[in-house]
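Single-structure report; data block below.
Nothing in this text is a laboratory measurement; each read-out follows from the coordinates by a stated rule. If you're wondering where the values come from, they're calculated on a predicted model, not measured in any experiment. Note that each Cβ is placed from the backbone with ideal geometry, even for glycine, and that neighbours are counted across all protein chains shown.
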Amino acid sequence: MPEWITSIDINILLFIQEYIRTSFLTPFVIFITSLGNAGIFWIVLSVLLLIPKKTRKIGCLGILGLLGSLLVNNLLLKNLVARIRPYDAFASLTPLVAKPIDYSFPSGHTGSSFAAACAMYRSLPKWAGISLLLLAVLIGLSRLYVGVHYPSDVLAGMLTGILSGCMAHPIWKKLQKK
């Protein structure tokens, strides 16, 4: 990562740590970030949507989005970029959750959240789709608050997640033809 990006990233993280973290917000943010652990919230939601025939397509779209995010973010980009976590690069940054053992770029929590939310968004009632997108935003921001990702990791996870979620629709249509 270019040094100027890392400089901006760490200054944002230190600002969050110094001025935004509070004992009131921390338990809520830790709960929100835990919803993204291993994509479990999104996996469970997708599987539950597979059960009724009426929502089966939405569940399939969610799974396709999640698979795309897994492939692009966790298997390809994390290993290709190999960016160390911010708390390993800057001793002054204190993470609030267990330290992840994989690389930092891009944020897998953010990528999977946006992938599933974007894949489901178009097929859900407007209020439900917007709620899922809002949750994806909160999960992404939570990764900054808890100190385990750089802002550029979260931004990249958001972009790759949106792409993965949008790609779920044409892939679904192609699978339906076969």
*Starting from the Cα of Phe90, step 7 Å toward the Cβ, then list every residue of segment 135-155 with an amide N under 17 Å from that point.*
141-155
*Which whole-number percent is the relative contact order of segment 1-117 (Cα, under 8 Å, 6+ apart)?*
32 percent
*Can you pull the semi-axes for segment 3-177, root of five times each eigenvalue of the Cα gyration tensor, sorted largest first, whole Å?*
30, 17, 12
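How would you rank Thr33, Thr6, Thr110, going from fewest to most other Cβ atoms within 10 Å of each one's own Cβ?
Starting with the residue having the fewest Cβ neighbours, the order is Thr6, Thr33, Thr110.
About the Cα centre of the chain, how large is the charge dipole given +1 on each Lys and Arg Cβ and -1 on each Asp and Glu Cβ? Please answer in debye to the nearest 20.
Computed about the Cα centre, the dipole is about 1220 debye.
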_Cross-link reach list, lysines versus Lys177, counting only Cα pairs under 30 Å and skipping chain neighbours closer than eight places_ = Lys53, Lys54, Lys57, Lys126
_As I understand it, the value is the acute angle between the Cα axis of helix 40-50 and the longest principal axis of the Cα atoms of the chain; what does it come to in degrees, rounded to 10?_
10 degrees
*Mark the label point 7 Å from the Cα of Arg21 along Cα→Cβ and return the residues of segment 101-119 whose backbone N is within less than 17 Å of it.*
none
*Cleavage-rule hits (chymotrypsin sites (Phe, Trp or Tyr not before Pro)) in segment 1-66: DSSP loop, at most 16 neighbouring Cβ within 10 angstrom*: Phe24
*Efficiency of FRET between Ile40 and Asn79 - r from beta-carbon atoms, R0 25 angstrom, step 0.05*: 0.65
